[in-house]
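Q: Have a look at this one before I ask anything.
The values are calculated or read from the model by the stated rules, or taken from the named source; none is laboratory data. Since the model is a prediction, treat every value here as computed from it, not as a measurement. A quick note on method: Cβ atoms are made from the backbone with ideal geometry, for glycine too, and the neighbour counts reach across all protein chains shown.
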Amino acid sequence: MVAQFMAETCHAANDGPSIRITERNDRTVLMSMLIRLVRLFRKQLNASNPKHEDESIRLKPPVSKLKPCSYSHRTVCDIHIYDIVPPKQPTKTPSKHIYYIAGGSWQMVPSEQHWWICAKLAQVLPNTIVSMISVPLAPNNTASSSFPWCLRLYREIMQVADHAGERVTFMGDSSGANIVLCLVMETLRQEAEAPEMSRTPTPISVMTISPSTDMTRTNPDIEKLRPLDPLLSPEIIRATAKAWTADDIDPADRIVSPINADFSLLARSGIKVHGVTAGYDVLSPDGVRFRDRCSEYGIKGEWLHWEKQMHCFVLTAPYRLSEGRKGLEWVIDVLKRE
């Protein structure tokens, strides 16, 4: 799968001994048309006045997007979790569990594309459970209240998985990827600074798609991508960061900006960090910086960087766009080999 994928007008590069990067710069006519369309409707696509209840939101998974899978619902630490069940359940107990936190500017519930992606993962990954987490969202629950709650959930999930003999991957896109990275790295920091704390078992990996890694939005390369990004802008990503940090958390704080966390702890943990970045995404300069920091510390992982693609282009896979489909195939291949 990897060799075949890389043969399609792309090449792999080694950024140090630990990170393997696959780079692509092709784009289909259909994706070019979609990018033009997205640019025309950028204001409407980013207009949001989310109105939802406090705490973890009880979701209504779109059954049509989950087919042929179904789902079951449970709560852990008063947070709603949805386990995606493939049509042919394995006869033996699944040995791997993927927990997904969907992006949406820290304010929006998972989209139909997110559910479709999770259902696809559940179908094609052997002996794997895929679960969607409904984290408490802004504006009702900003980072100061939501993140500690999510930390409790993370620790509980990992303890249960350890007892069950499950290998866990945490996965997310955009703001969801931000939360995933912060949960893993902050747990490592807290336990390193308090040896008396009980140790939380660690996931085997983290998979991030178009991650938001620095909430200060001060990278000068962000402005350079202003004319290229059809979906986001520097103003938009500053506003969404503010929605999450509110007035009580410094945007540079490591619990919201994983670029400022301790990478040495991540390296010692052995957790792999994988990711996807896009060339026409104002969040990609910080995503690439995060990837480079992983390389500097010898953290293992695989990354796909695809030029001329927009933020979270992998989520176009349900619409059968070639780049979305191949981006998802890359993600699936990495997850299968763990």
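Q: Between residues in segment 228-251 that are free of Cβ contacts under 8 Å to residues at least 24 places away in the same chain and residues that are among the basic types (K, R) and buried (at least 20 other Cβ atoms within 10 Å of the Cβ), which pairs lie under 8 Å by C-beta distance while being six or more apart or on different chains?
A: R238/R217
Q: Of the conditions (1) in contact with a helix residue (DSSP H, G or I) (Cβ under 6 Å, 6 or more places away or on another chain); (2) at positive phi, S174 satisfies every one except a single condition; which number is it?
A: Result: S174 fails condition (1) only.
Q: Considering every residue within segment 273-281, establish whether at least one is of a type in the set (D, E, K, R) and without any contact (Cβ under 8 Å) to a residue 40 or more places away in the chain.
A: No: zero hits.
Q: Return the pair list, or none, for Cβ contacts closer than 9 Å from residues in segment 28-52 that are basic (K, R) to residues that are in a helix (DSSP H, G or I) and surrounded by 12 or more Cβ atoms within 10 Å (Cβ to Cβ), at least 6 apart or on different chains.
A: Every condition considered, the pairs that remain are R42/I236.
Q: Tally time: how many residues in segment 186-198 are in a loop (DSSP other than H, G, I, E, B) and polar (S, T, N, Q)?
A: Looking only at that region, the number is 1.
Q: Also, I was wondering about something else. So M33 fits all but one of (1) assigned to a loop (DSSP other than H, G, I, E, B); (2) among the hydrophobic types (A, V, I, L, M, F, W, C); (3) over 23 Å from the mean Cα position of the chain (by Cα); what number is the exception?
A: (1)
Q: Of all residues in segment 152-210 being of a type in the set (D, E) and under 18 Å from the mean Cα position of the chain (by Cα), which is farthest from D286 (Cα to Cα)?
A: E186
Q: Could you check segment 182-214 and list, in sequence order, the residues that are among the small types (G, A, S) and without any contact (Cβ under 8 Å) to a residue 24 or more places away in the chain?
A: Hits for segment 182-214 are A194, S198.
Q: Please list, ordered by first then second residue, the pairs with beta carbon atoms under 9 Å, 6 or more apart or interchain, first in segment 70-88 and acidic (D, E), second not in a strand (DSSP E or B).
A: D78/E55; D78/S56; D78/W149; D78/L153; D83/A122
Q: Considering each of H97, H73 in turn, give the residue that is over 21 Å from R325 (Cα atoms), outside any loop (DSSP other than H, G, I, E, B) and within 20 Å of the chain's Cα centre (by Cα).
A: Going through H97, H73 in turn, just one is over 21 Å from R325 (Cα atoms), outside any loop (DSSP other than H, G, I, E, B) and within 20 Å of the chain's Cα centre (by Cα): H97.
Q: With the condition kept exactly as written, say whether any residue in segment 299-313 is touching an Asp or Glu at 6+ places or on another chain (Cβ under 8 Å), among the acidic types (D, E) and in contact (Cβ under 8 Å) with a residue 60 or more places away in the chain.
A: yes
Q: Then there is this: Select from segment 1-30 the residues that are in a helix (DSSP H, G or I) and either out of contact with any helix residue (DSSP H, G or I) (no Cβ under 8 Å at 6 or more places or on another chain) or modelled with pLDDT of 95 or more (or both) and list them in ascending order.
A: Listed by number, the residues that qualify are A3, Q4, M6, A7, V29, L30.
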